[in-house]
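This report refers to the structure that appears directly beneath it.
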């Protein structure tokens, strides 16, 4: 038995079971625990009606041992042989700091080797590598990582979505059976983000044991939560493979994506903060203040004009914006979404003098310049497709299905890969570009290589290689992951990008739910959040500037609005909001994200400094309720014995709901202990639907 520990979480691994088995993943058992006693105390009876041994729920569960759930390895050799391997432990190695464990096992009959690696830092990382030790190829249909969870974990929290409505939570009972989410879209997806939480009945943001798992992978995936008939439970995740996508030749290997997992003894907040710390520890994680940006998309769409864009830049700089991002429409024949995609050279029709005059104008105003690209796609009506129709990810002999009038460019094709590298390297070398918004706007459908074999796995790994190469060539350029909004948000793509576009929806009401869900996985400084126009382009709703600003405040702030057409009042308010964000962004982008449990008509969340010295909290009213008066907002998680001053952080132009008198503390502030804030909290004012209140907490 090997023990991994990070102080608050223990992971006990039995390395004798072939594929290693996690015996305990949860609360620390104390420094002096007798590891043998854990195995002894958890030995299971062999009951009637079953086989004569209890198959372990190992990290790669084996049908050959009698495991009745979904096997961790599914595959075969020719003729259907070696379809149910049985591994035997060979060796293991524990790092000197007791944080990393590597376990090797073999199946001499099936001629396969298995390595499972565990790394425990802020979170638990687990991945597996399969080696073909035989002299014939081995076809892998699936290799997943399995994490057993406690049997009292009886509720599940998963997430669903669609375009412009990502990260919506789904709470479900888990008294029996399984929950399976599969994604075949060729990207992380809006619909089924690879993230699952389970916990004891009634777990919430601040209470109850919670286990969470995320698959760090940007392609097809499968996530499973299953309760076996004998009561044992597990979470399982891995790449979803199309037939024939992974065939291991003799001596070769296949490695799974990492499953990244977090445990909390006290609710969701602690678990999700661990996911955030894991991302913040990455070498490429932003270490400089996140520039407030303006994205041109909803301001101009495809109507590019240098003079108008210069005026837009002038207005942006006047507001305090620090980065100007030129969106779709600057290249080739791209005057709409039907043509030109893939022709990555500056349009001499729209920009007869090139991009340099616009870029110089932007940078002379003190702003960075960013640009939009979608390198994984082509329009059939493009020069590159006409010259190289064989470069697309489509099945020969069939008419391909279009998505947004475009096809997928096969990056696993070395010529296509080289073409993209050449085009983007030239673009970034010839221009003063600091930021790239990298988009991906359609699913993979019957996506095959030139031979007709399924190609999503190879496309996903080629995408990583492409981004890695461009980052080496241009180490000072930041990248944003966008995929029709939030369809590519995962911890693997974030090893290569500094920001994600959370959703194409800038409607602040929708964003309240989207951003709360996304905060389960990513911290605010990564989460793109824009103040859009008064009338949201994706929903048609009209919302106040104060509500839009309060919503976008808790992210990497941007503006997506034609700011040359603002009223004087809007300009004054927006300038003040940007200044407020800059004043507080160090806290917003470094603190611990906290969410509070409320009635569904409200949303309450915020950020506490790591040392609990200060915080900013938002309380939003989303809809009408039976009472005009909201309930008191209780704020747990602070230092109980410390005293905090609570002040209203006013956004210019905000308006409260109908009341002759509002709570007096909003004008004067109030001082309360952390214990008081957790026990009775503070009374919000009467509020209109689609409005928000910001509070500043300071330890005195």
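The values are calculated or read from the model by the stated rules, or taken from the named source; none is laboratory data. All of these numbers come straight from a predicted model, not from anything done at the bench. So basically every Cβ, Gly included, is an ideal-geometry build from the backbone, and we count neighbours across all protein chains shown.
What the table shows:
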item: The range 304-316 residues that are outside the structural domain of residue 354 (by TED's automatic domain parsing), paired with ones that are crowded, with 16+ Cβ neighbours inside 10 Å (beta carbon under 7 Å, 6 or more apart); result: none
item: Residue 513 being within 21 Å of residue 594 (Cβ to Cβ) and either touching a helix residue (DSSP H, G or I) at 6+ places or on another chain (Cβ under 6 Å) or in contact (Cβ under 8 Å) with a residue 60 or more places away in the chain (or both); result: yes
item: Residues (touching a helix residue (DSSP H, G or I) at 6+ places or on another chain (Cβ under 8 Å), under 19 Å from residue 426 (Cα atoms) and crowded, with 17+ Cβ neighbours inside 10 Å) located in the range 456-466; result: 466
item: Strands (runs of 3 or more DSSP E) within the range 592-673 that include 3 or more residues crowded, with 19+ Cβ neighbours inside 10 Å and under 26 Å from the mean Cα position of the chain (by Cα); result: 592-596, 602-608, 614-621
item: Selection within the range 321-337 - in contact (Cβ under 8 Å) with a residue 60 or more places away in the chain and buried (at least 18 other Cβ atoms within 10 Å of the Cβ); result: 321, 323, 325, 327, 328
item: Some residue of the range 129-136 being surrounded by 21 or more Cβ atoms within 10 Å (Cβ to Cβ), closer than 30 Å to residue 537 by Cβ and in contact with a strand residue (DSSP E or B) (Cβ under 6 Å, 6 or more places away or on another chain); result: no
item: The one condition in (1) touching a residue at least 24 places away in the same chain (Cβ under 8 Å); (2) farther than 30 Å from residue 585 by Cβ; (3) over 31 Å from the mean Cα position of the chain (by Cα) that residue 354 fails to fulfil; result: (1)
item: Residue identified as touching a strand residue (DSSP E or B) at 6+ places or on another chain (Cβ under 6 Å) and over 19 Å from residue 106 (Cβ atoms) among 49, 69, 79; result: 69
item: Selected residue [farther than 30 Å from residue 321 by Cβ and either in contact with a helix residue (DSSP H, G or I) (Cβ under 7 Å, 6 or more places away or on another chain) or modelled with pLDDT under 95 (or both)] from 638, 574, 622; result: 638
item: Condition met for residue 269 (assigned to a loop (DSSP other than H, G, I, E, B), farther than 27 Å from residue 380 by Cβ and within 26 Å of the chain's Cα centre (by Cα)); result: no
item: Of all residues in the range 112-132 being farther than 25 Å from residue 212 by Cβ and in contact (Cβ under 8 Å) with a residue 40 or more places away in the chain, the one that is farthest from the chain's Cα centre (by Cα); result: 132
item: Residue 109 in contact (Cβ under 8 Å) with a residue 24 or more places away in the chain, assigned to a strand (DSSP E or B) and in the same structural domain as residue 76 (by TED's automatic domain parsing); result: no
item: Residue count, the range 493-511 (criterion: part of a helix (DSSP H, G or I) and within 28 Å of residue 564 (Cβ to Cβ)); result: 4
item: Number of positions in the range 346-383 that are touching a helix residue (DSSP H, G or I) at 6+ places or on another chain (Cβ under 7 Å) and at negative phi; result: 13
item: Test: residue in the range 482-493 that is within 25 Å of residue 559 (Cβ to Cβ), more than 20 Å from the chain's Cα centre (by Cα) and in the same structural domain as residue 419 (by TED's automatic domain parsing); result: no
item: Strands (runs of 3 or more DSSP E) enclosed by the range 1-106 - at least 3 residues per element that are crowded, with 20+ Cβ neighbours inside 10 Å and modelled with pLDDT of 95 or more; result: 9-14, 21-27
item: Residue within the range 403-414 that is under 20 Å from residue 480 (Cβ atoms) and surrounded by fewer than 22 Cβ atoms within 10 Å (Cβ to Cβ) present; result: yes
item: The range 287-301, residues that are over 18 Å from residue 565 (Cβ atoms) and without any contact (Cβ under 8 Å) to a residue 60 or more places away in the chain; result: 287, 288
item: Count of the range 581-591 residues which are touching a residue at least 12 places away in the same chain (Cβ under 8 Å) and part of a helix (DSSP H, G or I); result: 7
